[in-house]
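What follows draws every value from the coordinates through simple rules; no lab data is involved. Because the structure is a prediction, the values reported are computed rather than measured. Cβ coordinates were reconstructed from backbone atoms using ideal geometry, including for glycine residues, and neighbour counts include every protein chain displayed.
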Amino acid sequence: MINEPTQDELLALPRLGNGDPTPLEHKLLHLHFSAGSQHWFAAEYCPYDEQLFGYTTDGSNHLKDGWDYFTLRNLRDHRYEGAEAKRDKNWQPQSLADLRHAAEERLAELPSAGEPDSNVPSVARYGAKLK
C-alpha cells in the first residue's frame, strides 16, 4: 500500500463498534484509500485485527457501493488493474453526506448538464449514484 497510515493515525480513529449513535450518513470518514476506480473511506478502526468499517465504492459496479468492513491487510495486498491501494494523504475528514453534496456540486458544474464523463474525478461520478 502506498502512504500506509501510521499506528498513531489509525489509533486516532473512533473504535470499531463504539456504540456511536450517529447515523451512518453523518459519520466522519477519517481516511480515504483508492485503487483505480475503487475507493474505501474509513470511519472506525479495530487495532486487534486491523479491521476498518466505512463506506466502499466500486466505480465499475455501483451496486457494490455501501457500508462494509475491510482490513488493512486486504488493502496492502489489493491490486486493481496493476495499481496498488493508496491512501490519500490530503484527505480531510468529512461525512458521506458532505461527500455526496460536493459530488453533486461538481456534477452541476459540468458543461454536459451533469452527464458522467471519464475526465470527471471518480468521486463526482460515484457520488451522483449514491442517492
Check which residues have an amide H placed less than 5 Å from Glu44's amide H, if you skip close sequence neighbours. Phe53
Once phi for every residue in the range 18-28 is put through the Karplus expression 6.51 cos²θ - 1.76 cosθ + 1.60 (θ = phi - 60°), the whole-Hz ³J(HN,Hα) values, with Gly and Pro written as x, are 6, x, 4, x, 4, x, 3, 4, 10, 5, 6
Interchain or sequence-distant (5+) residues whose placed amide H lies within less than 5 Å of the amide H of Leu29 are Gln94, Ser95, Leu96
In whole Hz, with x marking every Gly and Pro, tabulate ³J(HN,Hα) for the range 76-85 from phi via Karplus 6.51 cos²θ - 1.76 cosθ + 1.60, θ = phi - 60°. 4, 8, 6, 9, 10, 6, x, 8, 8, 5
Calculate, for Asn18 and Ala102, the FRET efficiency according to 1/(1 + (r/R0)^6) with r their C-beta to C-beta distance and R0 25 Å; round to the nearest 0.05. 0.40
From the backbone phi of the range 42-54, what are the Karplus-calculated ³J(HN,Hα) couplings (6.51 cos²θ - 1.76 cosθ + 1.60, θ = phi - 60°) in whole Hz, Gly and Pro given as x? 8, 10, 9, 9, 10, x, 5, 10, 6, 8, 10, 10, x
Amide H to amide H, which residues 5 or more places from Trp91 or on other chains are under 5 Å from it, using H placed in the peptide plane? none
11 Å cut-off, amide nitrogen to a point 7 angstrom out along Glu50 Cα→Cβ, residues in the range 70-106: 71-78
